[in-house]
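Let me begin by presenting the structure, written as structure tokens, before commenting on it.
The values are calculated or read from the model by the stated rules, or taken from the named source; none is laboratory data. All of these numbers come straight from a predicted model, not from anything done at the bench. Heads up, the Cβs are rebuilt from the backbone with ideal geometry, glycines too, and the neighbour counts pull from every protein chain shown.
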Amino acid sequence: MPSLQIVVASTGFAGVRDRVLEAFPDARLTMIDETALRRDGAAADVLVPTMARVDGVLMDRVRGLRLIQQWGVGLEGVDVAAATARGLPVARAPSAGSGNAESVAEWCVMAAIALSRRLAQAERAIRGGGAWGAPMGQSLLGRRAGIVGMGGLGEALATRLRPFGLRMAGIARRAHPELAERLGMDWIGPLDRLPDLLRASDYLFLCMPLTEETRGLIDAAALALLPAGACLINVGRGGVVDHAALLAALDSGRLLGAGLDVFDQEPLDPKSPLLTRPNVLATPHVAGVTDASYRGIAERVTANIRRLVSGERLENCVNWDAIRAGR
């Protein structure tokens with residue numbers, strides 16, 4: 001049998017390569033960025049998109065492709081309809097229970113504390129010989145958190161925020177009083193209650209995927225509803241936030257700060273004005289990049305690849321039934 005061929009559409013995320021080769025040491029694994037893949041093509045049984053935009057044109061550049069398997073949950077960049085038309089299954093690795101949701105939730109807590117306690121300013125003060133006892137930080141205790149997106153990540157985040165003494169509310173696809181009670185939240189409502197949530201959020205956590213409904217959801221009007229001194233923390237998708245409006249809100253002093261792990265264009269231009277603001281904590285899409293997360297995701301991804309090889313039904317495949325129905 002020919003060796004398994006796997007293409008990862010990125011030259012970053014080295015941990016992906018390491019984890020996959022642990023499970024398939026004889027596989028031929030190539031890491032190639034999207035531009036080169038579009039230009040040169042490749043041969044592969046499995047394509048791992050990471051952050052690449054996988055449309056029909058790119059799919060056709062991968063010879064022998066049998067599976068598009070995301071390393072994680074996000075499929076916004078994959079044209080599932082184009083894949084279905086080509087009979088290509090598209091699968092993801094669920095966030096909840098894999099260590100991914102838990103790791104991203106930890107990052108959210110870290111960002112909230114770092115911004116509130118003015119960690120960057122405090123580090124500059126001590127390294128620069130500044131006065132001790134400054135700057136004064138802000139406590140999470142007694143403040144209010146709004147979580148937009150109450151999937152596995154939202155639940156993991158609410159669980160971790162509760163011990164800090166925050167009051168919490170959330171937005172989900174529908175009202176969910178039972179979940180709110182279980183998580184100790186005031187309420188969980190549908191998207192049309194977003195204005196209520198914004199007005200009551202000293203900390204706004206964005207944990208939802210990018211869809212036509214959520215694109216640009218947090219614009220100037222939405223930011224204006226937040227209380228003065230609020231923090232915005234985005235680990236969902238960059239396109240959910242109007243970055244120009246966010247910069248204006250930061251510059252006006254209405255927001256205490258922003259914690260951003262995702263951006264509307266990735267990789268982010270190093271000259272982006274977001275990176276010049278002292279009250280912006282920015283990281284390169286690594287909220288879920290931890291040992292625990294990669295271990296859990298790798299288990300799900302490699303298990304699916306084994307199912308592909310053995311001809312079994314794939315798990316967490318978003319178009320399996322549609323492909324079968326078309327045959």
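Check whether at least one residue in region 80-100 is closer than 22 Å to Asp264 by Cα, surrounded by fewer than 20 Cβ atoms within 10 Å (Cβ to Cβ) and at pLDDT below 95, and report yes or no.
For region 80-100, residues closer than 22 Å to Asp264 by Cα, surrounded by fewer than 20 Cβ atoms within 10 Å (Cβ to Cβ) and at pLDDT below 95: absent.
With a cut-off of at least 2 residues that are closer than 30 Å to Gly154 by Cα and either hydrophobic (A, V, I, L, M, F, W, C) or in the same structural domain as Gly152 (by TED's automatic domain parsing) (or both), name the helices (runs of 4 or more DSSP H) lying wholly within region 52-133. Before the answer, list the steps.
Working: elements: 56-61, 80-85, 100-116, 119-127.
By residue number, 80-85, 100-116, 119-127.
Being touching a residue at least 24 places away in the same chain (Cβ under 8 Å) and touching a Lys or Arg at 6+ places or on another chain (Cβ under 8 Å) narrows it down to one residue among Ile147, Ile171; which is it?
Numbers: Ile147 fails: touching a Lys or Arg at 6+ places or on another chain (Cβ under 8 Å).
Step by step, each of Ile147, Ile171 is checked, and only Ile171 is touching a residue at least 24 places away in the same chain (Cβ under 8 Å) and touching a Lys or Arg at 6+ places or on another chain (Cβ under 8 Å).
Can Leu198 be described as closer than 21 Å to Leu281 by Cβ, assigned to a strand (DSSP E or B) and not hydroxyl-bearing (Ser, Thr, Tyr)? If you could, list the steps in order and put the result at the bottom.
Details: closer than 21 Å to Leu281 by Cβ: yes; assigned to a strand (DSSP E or B): no; not hydroxyl-bearing (Ser, Thr, Tyr): yes.
Spelling it out, it is not the case that Leu198 is closer than 21 Å to Leu281 by Cβ, assigned to a strand (DSSP E or B) and not hydroxyl-bearing (Ser, Thr, Tyr).
So which of Val20, Val46, Val16, Val73 ends up being within 29 Å of Gly149 (Cβ to Cβ), over 19 Å from the mean Cα position of the chain (by Cα) and at pLDDT below 95?
Details: Val46 fails: at pLDDT below 95; Val16 fails: over 19 Å from the mean Cα position of the chain (by Cα); Val73 fails: over 19 Å from the mean Cα position of the chain (by Cα).
Within the list Val20, Val46, Val16, Val73, the selection yields Val20.
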Residue set Gly184, Gly170, Gly189; condition under 23 Å from Val262 (Cα atoms) and of a type in the set (Gly, Ala, Ser); output residue Gly170
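Yes/no per residue for (1) modelled with pLDDT of 95 or more; (2) over 28 Å from Arg19 (Cβ atoms); (3) part of a loop (DSSP other than H, G, I, E, B):
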site: Glu212; (1), (2), (3): no, yes, yes
site: Leu223; (1), (2), (3): yes, yes, no
site: Pro227; (1), (2), (3): yes, yes, yes
site: Lys271; (1), (2), (3): yes, yes, yes
site: Leu275; (1), (2), (3): yes, yes, no
site: Gly288; (1), (2), (3): no, no, yes
site: Tyr294; (1), (2), (3): no, no, no
site: Arg300; (1), (2), (3): no, no, no
From the option list Leu194, Leu198, Leu161, single residue qualifying as crowded, with 17+ Cβ neighbours inside 10 Å, farther than 19 Å from Leu223 by Cα and not charged (D, E, K, R) is Leu161
Q | Residue in region 270-284 that is assigned by TED's automatic domain parsing to the domain that holds Leu153 and farther than 26 Å from Ala125 by Cα present | A | no
Just one listed residue, out of Ala228, Ala180, Ala222, is more than 24 Å from Ala101 (Cα to Cα) and surrounded by 14 or more Cβ atoms within 10 Å (Cβ to Cβ), and it is Ala222
